[in-house]
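Remarks on the structure that follows.
Just so it is clear, none of the values below were taken in a lab; they were calculated from the coordinates. Bear in mind the structure is a predicted one, so any value in this text is a computation, not a measurement. Neighbour counts run over all protein chains shown; Cβ positions are idealised from the backbone, glycine included.
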Amino acid sequence: MKKIFAAALIAASGLGFTAAQVVAESHGAMAPTPAEAIAKRMALMGSVGDQTKALAGMMRGAPMDWSIVANAGTNTQTVAETMPALFVEDSFVKPSTASPVIELEIEDFTARFEKLGKDGKALSDAAANESVEEFQAAFGAYISNCKGCHQAYRI
Ligand code: HEC
């Protein structure tokens, strides 16, 4: 238990979830070049990866930190809204791990991000209500999106 708590703390201390910053930087800019789109995608997904470590720690018994849950909820919604537009032409090359199948299945792919956004909203609601039960249900739904989409759409 101690170890898990420490891991959650380390993850949490690095939580300046970057989505808002990444989004702000892209405002006013023209459509991203493939290299810019890839860098943004990886940064946004990386922020979701970081927050997920902190949330998973709380699922395993680390003390609840509602501000982290609230931030994660907001960040998830921003990422889910921002990601679909970043899969521009010619951006399915290294260092990206995005599969070119995304271009063929863009509707399914986008629907998965819509679902992720809803699950982010559920995390925000759980934080607003400070409800552990709601948090656990929201996290279960949220985490099921990761694996499903990665299996289908990452190489
Ligand atoms: C709708 C699809 C989709 C969902 C849902 C999704 N991801 Fe991803 N994820 C991707 C794609 C596509 C990439 C590859 C992006 C690239 O390299 O261009 C990726 C990459 C990543 C990466 C690697 C980032 C890097 O630096 O290369 C992490 C970490 C990650 N996702 C975490 C998560 C977590 C955690 C969840 C669930 C809470 C999640 N993702 C949900 C599609 C998704």
Multiply the residue gap between Ala39 and Cys146 by 0.36 nm, knock off their C-alpha separation, and tell me the result in nm, one decimal place.
-> 36.6 nm
Taking Ile38, Ile155 and counting other C-beta atoms within 10 Å, the order from fewest to most | Ile155, Ile38
Note the full-extension length gain between Lys53 and Arg154 as 0.36 nm times their separation in residues minus their Cα-Cα distance, in nm to one decimal.
-> 34.3 nm
Starting from the range 37-127, pick out the trypsin sites (Lys or Arg not before Pro) whose DSSP state is loop and whose Cβ has at most 13 other Cβ atoms within 10 Å.
-> Arg60
On full extension of the chain, what length is gained from Thr97 through Ser67, given 0.36 nm per residue of separation minus the C-alpha to C-alpha distance?
-> 7.7 nm
